[in-house]
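The numbers here are math on the coordinates, done by the rules we state, and not lab data. Computed from a predicted structure; not experimentally measured. All Cβ positions, even for glycine, are placed from backbone atoms using ideal geometry, and neighbour counts span all protein chains on display.
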Amino acid sequence: MSTPPLPSPVFWCVVPAAGRGTRVGGDCPKQYLPLAGRALIMHTLDRLAAHPQVAGLLVTLNASDVHWTDIDSLHGKPVLTAVGGNERSDSVLAGLHALPAVVGDDAFVLVHDAARPCVRSADISRLIDCVTVDDGGLLGAPLRDTLKRADAAARSMATEPRDERWRAFTPQMFRRGELTSALRDVTARGVKVSDEAMAMELAGFAPLLVEGAEDNIKVTTAADFALAEFLLARTA
């Protein structure tokens, strides 16, 4: 008699959404601007919640957020909220603190940008498969374009080597306790980090880079909305 397969492990995902997204323009934070008939953030949350190994979502919001539509579940998964901070690291740290007690310090947690609605389910699966046998990691892609260093007048001053250079995406995935400690440390030192992997690097870790699809774009400018709508219709 064959042994039934063990159930796949499940993981919580923290989604920092307390930023203003000022590069898009206007009074409404970019995560709430319409994209293909829904708020941008709802596409992102829907993609995450639809993944079979995502157990629940923890969204960190600005203290004065008036745009969030109260939802408590997506795809049968719980959606919780917490108040974020001024910096991304503050918001992620607040989300880590607010996770349910069932998520222990040794449990892996995903962190994903609210403005990355096109992340592919297969890439999330690949990240989980690779990282849970490592000490943490992130989705990304090797640099393929020629890289230039510019001066203040936007003139090309040098061509930089692109060997061993990657573009960093999300989700990023680390153990709850280790990431919490790393973020607390950079906060105490007054160091601004651009992502969770940077905090882990400064704590002495070497996060694993897992190659993902380059259409996992971060919606940053007004022009990105049209591209994201195009990609949403063609990715899953």
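Between Ala98 and Trp166, full extension at 0.36 nm per residue minus the direct alpha carbon distance yields a gain of 21.4 nm.
Which helices, taking whole DSSP H runs in the chain, have alpha carbons extending 30 angstrom or more along the helix axis plus mean Kyte-Doolittle at least 0.5? Working shown, then result.
Values: long enough: none.
Helix filter hits for the chain: none.
Computed over segment 144-210, the Cα gyration tensor eigenvalues convert (square root of 5λ each) into semi-axes of 29, 16, 9 Å, ordered from largest to smallest. Cross-link partners of Lys30 among lysines, defined as those whose alpha carbon lies under 19 angstrom from its own and excluding same-chain residues fewer than eight positions apart: Lys218. When you count the other C-beta atoms within 10 angstrom of each residue and take the mean per peptide, 153-164, 224-235 line up highest first as 224-235, 153-164.
Placing +1 at every Lys and Arg Cβ and -1 at every Asp and Glu Cβ, with all other atoms neutral, what dipole size does the chain have around its Cα centre, in debye to the nearest 20?
Working: 24 positive and 29 negative charges, 101 e Å.
Computed charge dipole of the chain: roughly 480 debye.
Comparing Asp185, Asp90, Asp195 in a Gaussian network model of the chain, where Cα atoms under 10 Å apart are tied by springs, the biggest mean-square fluctuation is seen for Asp185. Springs between Cα atoms under 10 Å define the GNM used for the chain, and in it the highest mean-square fluctuation of Gly85, Gly137, Gly104 occurs at Gly104.
What FRET efficiency comes out for Asn86 versus Ala222 if R0 is 30 angstrom and r is the Cβ-Cβ distance? Round to the nearest 0.05. Write out the running numbers ahead of the final one.
On the way: r = 24 Å, r/R0 = 0.81.
According to the calculation, E is roughly 0.80.
Of Phe205, Phe174, the sequence from fewest to most neighbouring Cβ atoms within 10 angstrom is Phe205, Phe174.
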